[in-house]
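Here is the structure we will look at.
The values are calculated or read from the model by the stated rules, or taken from the named source; none is laboratory data. These numbers were taken from a predicted model, which means no experiment stands behind them. All Cβ positions, glycine included, derive from the backbone under ideal geometry; neighbour counts span all protein chains shown.
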Amino acid sequence: MFQLTPEQLQFQSTLRTFVAREITPFVNEWDEAETFPRELYRKVAAIGLLGLGYPEHLGGTEVDLTWRLLASAELARAGSGGLLASLFSHNIGLPPIVASGGEAMQRRVVPRVLAGEAIAALAVTEPGAGSDVAALATRARRDGNDYVIDGEKVFITSGMRADFLTVAVRTGGAGAGGLSLLLVEGDRPGLARTPLKKMGWWMSDTAHLRFDGCRVPVQNLIGEEDRGFAAIMENFNGERLLLAAGSWAFAQVCFDEALQWARDRRTFGAPLIARVAVRPGVASRGRPHRRRLGGRGGNAEESRHAGTAVVRRPGGADPGRHGLHARHTRGAHLPRSEGDDDRRRGRRSHEGTGGASAGAMSDKKIGRRGP
Ligand SMILES: Cc1cc2nc3c(=O)[nH]c(=O)nc-3n(C[C@H](O)[C@H](O)[C@H](O)COP(=O)(O)OP(=O)(O)OC[C@H]3O[C@@H](n4cnc5c(N)ncnc54)[C@H](O)[C@@H]3O)c2cc1C
C-alpha cells in the first residue's frame, strides 16, 4: 500500500471531475459509434494527461509511473477499456522515439502528440507473429536514402487515425537479430489501413495495415538498424505494467457496479445485499478496496468504498458513480415495441435472473457479434 501525495490527490480529484463530465456520459454512444471524438485527445492533453512521464523539453511532465497508473485507474471509472487503449496508444508508440529516436524526429513528433494534435501508435503484431515477435516478416529494404516496406500488421490500436506509427520491420536476417523500428507517417503512399471489427473495445480504433512498397527516408530509423528487438521488449515492460493497472482498475469498477446493483435491486421485498447468499460474497470481495490506489485515508470517496461500506448506502452525490450506474439502465431505455422484440430475439435470455437490464446491455453485444 502507498499513499498518494497532495499533488497526486489534487490530480486525482481533477481527473475524477473530468471523467464524470467529459467521458462517462458518452461512453455508450461512442461504443455504438465505434469511435470517439478526436477532440478528446486535445481535452485530455489540456489537463496534462498525455504528457505524464515525458521529458519537459518535448512538452511532457517529468513524473514517475505512479501518475500514469493513477490516470489509468481514474479513466477506468468510465467503464471503457477501448477508450483507454486508443487514447493512450502514444504510451506504446512514443517511448522508442523518446529513448532512441534522433533529436529532429523527437521534436517533430513528440510535442504534437503530447498536445493532442497528432496520434501515435505501435505496430508490431502481424498475422503470423504475435507473442513471437522474432518471427515477424514485414520487410524493409534499403533503396538509396529510403527504406521500402512490404508486409502487413494486424490489431494495431489507433491504426486508422495514427499520424505517426512506430513500426517493427525486418531489415536483416531471420530471428531477433534482424529487426528494426521505423517511424512511418500515416499519410505515406503505399500504406493502406482497414478498420477491424472486434468483440469488445468497440470504440477503440483497431486496424489492419498493409505496406506495399511504402517508402520512408532513412532518417526515420528509430535507434540502430537490426537492434530493434531489444527496444521492442523494453517497450513491452511499460505496456504490461499499464495493462495490469488497467485490469485492476476495471475489476474495481466491476465490483463497484455489482455492489451498487446489490444495494439497489430489490427482490421479494428486500435489497439483494440483505440476502445471506449475496452479502458475504460482496463483503469478502470488497476487502481489496482497502488496498486501492491511495490507500486508507486517501480521500472520502476511498473510505466510503472500503469493505465495511457494503451494508450502507452512500450518503452524498457522486457523478462518477451515478454515471456508472446509469449504464445498468442502458437496456431498459430500449423501446417496448415490435422492433424491441426483434432485437431481443437475437439475444441470450437473462429474463428471470433478476439482471435483465444489465443483461440486455451485454446481450446486445452478443447478439450483434456473436456466432
Ligand atoms: C484489441 C487489440 C489491440 C491490440 N493492439 C496492438 C497494438 O497496438 N500494436 C501491436 O503491435 N499489437 C497489438 N495487439 C496485438 C497483441 O499484442 C497480440 O494479440 C498479442 O501479442 C498476442 O499475439 P497473437 O494474438 O498473435 O497470439 P499468439 O502469439 O498466436 O498466441 C496465442 C495464445 O498462445 C499463447 N502462447 C503463445 N506462445 C506461447 C508459449 N510459448 N507458451 C505458452 N503459451 C503461448 C499466448 O499467450 C496466447 O494466449 C492488439 C490485440 C488486440 C486484440
Handout entry: Yes/no for Asp187 being surrounded by fewer than 18 Cβ atoms within 10 Å (Cβ to Cβ), within 22 Å of Asp143 (Cα to Cα) and in contact with a helix residue (DSSP H, G or I) (Cβ under 7 Å, 6 or more places away or on another chain)
Key = no
Completion exercise
Given (1) within 16 Å of the ligand (Cβ to nearest atom); (2) in a helix (DSSP H, G or I), Phe36 misses just (2)
Problem - Number of positions in segment 76-110 that are at pLDDT below 95 and either hydroxyl-bearing (Ser, Thr, Tyr) or outside the structural domain of Ser180 (by TED's automatic domain parsing) (or both) - result: 1
Fill in the blank from the handout: Of the listed residues (Thr5, Thr24, Thr17), the one being crowded, with 19+ Cβ neighbours inside 10 Å, among the hydroxyl-bearing types (Ser, Thr, Tyr) and over 24 Å from Leu94 (Cα atoms) is Thr24
Practice task
Go through (1) in contact with a Ser or Thr (Cβ under 9 Å, 6 or more places away or on another chain); (2) under 20 Å from Gly102 (Cα atoms); (3) not hydroxyl-bearing (Ser, Thr, Tyr) and name the single condition Asp163 misses.
Solution key: (1)
Fill in the blank from the handout: Output for Cβ contacts, cut-off 9 Å, separation at least six or different chains, first residue of a type in the set (Asp, Glu) in segment 128-145, second more than 8 Å from the ligand (Cβ to nearest atom), reads Asp143/Arg215
Handout entry: Residue in segment 39-55 that is nearest to the chain's Cα centre (by Cα), counting only those that are assigned to a helix (DSSP H, G or I) and under 13 Å from Arg112 (Cα atoms)
Key = Tyr41
Handout entry: Close pairs from segment 76-88: first within 12 Å of the ligand (Cβ to nearest atom), partner of a type in the set (Ser, Thr, Tyr) and assigned to a loop (DSSP other than H, G, I, E, B), Cβ under 8 Å, at least 6 apart
Key = Gly81/Ser204; Gly82/Ser204; Ala85/Ser204; Ser86/Ser158; Ser86/Ser204
Exercise for the section: Mind telling me which of the residues Asp163, Asp212, Asp187 ends up being farther than 20 Å from Ile92 by Cβ and in contact with a Gly (Cβ under 6 Å, 6 or more places away or on another chain)? Expected result: Asp212
Handout entry: Boolean, Arg210 is of a type outside the set (Phe, Trp, Tyr), more than 14 Å from the ligand (Cβ to nearest atom), touching a Phe, Trp or Tyr at 6+ places or on another chain (Cβ under 9 Å) and not in a loop (DSSP other than H, G, I, E, B)
Key = no
Handout entry: Condition met for Thr166 (within 15 Å of the ligand (Cβ to nearest atom), under 20 Å from Glu239 (Cα atoms) and hydroxyl-bearing (Ser, Thr, Tyr))
Key = yes
Handout entry: Flag if Gly269 is touching a residue at least 24 places away in the same chain (Cβ under 8 Å) and more than 16 Å from the ligand (Cβ to nearest atom)
Key = no
Practice task
Could you grab me the full set of residues in segment 87-114 that are of a type in the set (A, V, I, L, M, F, W, C) and closer than 26 Å to Ser204 by Cα?
Solution key: Leu87, Phe88, Ile92, Leu94, Ile97, Val98, Val109, Val110, Val113, Leu114
Handout entry: Among residues of segment 35-83, those that are within 16 Å of Pro25 (Cβ to Cβ) and not hydrophobic (A, V, I, L, M, F, W, C), counted
Key = 7
Practice task
Go through (1) closer than 15 Å to Ala168 by Cβ; (2) within 13 Å of the ligand (Cβ to nearest atom); (3) among the charged types (D, E, K, R) and name the single condition Lys198 misses.
Solution key: (1)
Problem - Subset of segment 213-223 (residues that are on the phi > 0 side of the Ramachandran plot and either within 29 Å of the chain's Cα centre (by Cα) or within 11 Å of the ligand (Cβ to nearest atom) (or both)) - result: Gly223
Handout entry: Lone unmet requirement of (1) touching a helix residue (DSSP H, G or I) at 6+ places or on another chain (Cβ under 8 Å); (2) closer than 19 Å to Gln219 by Cβ for Ala134
Key = (2)
Fill in the blank from the handout: Only unsatisfied item for Leu259, checking (1) within 16 Å of the ligand (Cβ to nearest atom); (2) not assigned by TED's automatic domain parsing to the domain that holds Val148, is (1)
Problem - Filtered residues of segment 98-136 (kept if assigned to a loop (DSSP other than H, G, I, E, B) and near the ligand (Cβ under 9 Å from one of its atoms)) - result: Val124, Thr125, Pro127, Gly128, Gly130, Ser131, Asp132
